[in-house]
1. Just give me the residues in region 191-208 being away from the ligand (no atom under 16 Å from the Cβ), open to solvent by 10 Å² or more (accessible area, probe 1.4 Å) and either touching a residue at least 12 places away in the same chain (Cβ under 8 Å) or more than 26 Å from Asn129 (Cβ to Cβ) (or both), in sequence order.
2. Report the residue count in region 273-322 for those that are open to solvent by 20 Å² or more (accessible area, probe 1.4 Å), more than 21 Å from Arg107 (Cβ to Cβ) and not β-branched (Val, Ile, Thr).
3. So Tyr136 passes all but one of these: (1) over 30 Å from Arg21 (Cβ atoms); (2) surrounded by fewer than 23 Cβ atoms within 10 Å (Cβ to Cβ); (3) among the aromatic types (Phe, Trp, Tyr). Which condition number does it fail?
4. Residue check: is Arg3 surrounded by fewer than 24 Cβ atoms within 10 Å (Cβ to Cβ), within 16 Å of the ligand (Cβ to nearest atom) and of a type outside the set (S, T, N, Q)?
5. Do you know which residues across region 128-142 are farther than 14 Å from Thr297 by Cβ and in contact with a Lys or Arg (Cβ under 7 Å, 6 or more places away or on another chain)?
6. Being open to solvent by less than 40 Å² (accessible area, probe 1.4 Å), assigned to a loop (DSSP other than H, G, I, E, B) and closer than 23 Å to Asp128 by Cα is the filter here; which residues of region 13-59 pass it?
7. Scan region 97-110 and give yes if some residue there is within 16 Å of the ligand (Cβ to nearest atom), outside any strand (DSSP E or B), under 18 Å from Pro14 (Cα atoms) and charged (D, E, K, R), otherwise no.
8. Keeping to region 62-76, report how many residues are open to solvent by 70 Å² or more (accessible area, probe 1.4 Å), in contact with a Gly (Cβ under 7 Å, 6 or more places away or on another chain) and free of Cβ contacts under 8 Å to residues at least 60 places away in the same chain.
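The values are calculated or read from the model by the stated rules, or taken from the named source; none is laboratory data. Here the structure is a predicted model, which is why all the values come from computation and not from measurement. Cβ coordinates were reconstructed from backbone atoms using ideal geometry, including for glycine residues, and neighbour counts include every protein chain displayed. We work out accessible area using only protein heavy atoms, side chains counted, and drop any ligands, DNA or RNA first. Shrake-Rupley method; radii C 1.70, N 1.55, O 1.52, S 1.80 Å.
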Amino acid sequence: MKRIGVFTSGGDAPGMNAAIRAVVRQAYALGLEVIGIRRGYAGMILGEMVPLGVRDVANILQRGGTVLLTARSQEFLTEEGRAKAAEKLKAAGIEGLVAIGGDGTFRGAMRLLEEHKVPVVGVPGTIDNDLYGTDYTIGFDTAVNTALEAIDRIRDTAASHERVFFIEVMGRDSGFIALDVGLAGGAEVIAVPEEPVDPRAIAEGLLESLRRGKSSSIVVVAEGAYPGGAAGLLAAIREHVPVEARVTVLGHIQRGGSPTAKDRILASRLGAAAVEALAGGTSGVMVGEVEGEVELTPLKEAVERKKDINRSLLALSRILAL
Ligand code: F6P
């Protein structure tokens, strides 16, 4: 193998740049050339490619977002789209790929491998932390810290006005972000998609808090925990109790910003490990970190097996919220 490609796809995540840097520099150490593919699968189809040397990735380690840009491509979901992408890769002499992204990225990579025999290794880059085969995904730690800072600020105003706040955090279909920021932020309630959410029970809990003398409360809601997110949950609660509350949707601020040290280190380690695996002839796997060690997991398992939230942390949050 002489030349590999690297791309980022799907939602961006802080630390993706650190992973790109690691891929390029580890490849250089192994004598491989790297081509950066811009705009994920959309750019692959159009042949948007740039050679990446070791100096091209200087000064990006600390930057949020992705210098290669990213996209969610509809065309790549079609056989024709994937055939076009495979042709462009062949024309550019790319013999293997490092795909940095989440489950959608890996599903696409699996198709490319199956249909066009393009060797590929995945690097888990998503704030959602919803990939099996790694304790944490790149970007999760930064997103949690960003959301936590916002929640701390909201708590100041919630306490001053003696209000209840419903704060919606990202995580698509998973409650990893909600659980961690909820516990770290001392939330009174944490609503996650992994557990049934009962508006009446939450309403009663909030009333009980009031009776115990709590004048303000924070309810952290994962976006997929209830239809309509935080606003939908508040509306459902208001059918039982006329709760006076404000809703804040943290949204895309959770995806931006300079990556934490933890995310930079994880991204550096996994980016390099992906190149080593690819150069060693391994394909169809995701590199992850499990209990401190780098591990390889088949892409299919990484996207199809459900990684569960830590339920004992959820139980602890309920005890501590008293
Ligand atoms: O997968 C990352 C993520 O930020 C999810 O948490 C969220 O549901 C989704 O992307 C939002 O996607 P978009 O930026 O395309 O609206």
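1. First pass over region 191-208, keeping only residues away from the ligand (no atom under 16 Å from the Cβ): 195-208.
From the residues that got through so far, the ones that are open to solvent by 10 Å² or more (accessible area, probe 1.4 Å) too are 195-202, 204-208.
Glu195, Val197, Pro199, Arg200, Ala201, Ile202, Glu204, Gly205, Leu206, Leu207, Glu208 - these are the residues of region 191-208 that are away from the ligand (no atom under 16 Å from the Cβ), open to solvent by 10 Å² or more (accessible area, probe 1.4 Å) and either touching a residue at least 12 places away in the same chain (Cβ under 8 Å) or more than 26 Å from Asn129 (Cβ to Cβ) (or both).
2. Qualifying residue count for the region: 17.
3. (1)
4. Working: surrounded by fewer than 24 Cβ atoms within 10 Å (Cβ to Cβ): yes; within 16 Å of the ligand (Cβ to nearest atom): no; of a type outside the set (S, T, N, Q): yes.
It is false that Arg3 is surrounded by fewer than 24 Cβ atoms within 10 Å (Cβ to Cβ), within 16 Å of the ligand (Cβ to nearest atom) and of a type outside the set (S, T, N, Q).
5. Answer for region 128-142, where residues must be farther than 14 Å from Thr297 by Cβ and in contact with a Lys or Arg (Cβ under 7 Å, 6 or more places away or on another chain): Asp128, Asp141.
6. Selection gives Ala13, Pro14, Gly15.
7. There is at least one residue in region 97-110 that is within 16 Å of the ligand (Cβ to nearest atom), outside any strand (DSSP E or B), under 18 Å from Pro14 (Cα atoms) and charged (D, E, K, R).
8. Total meeting the criteria: 1.
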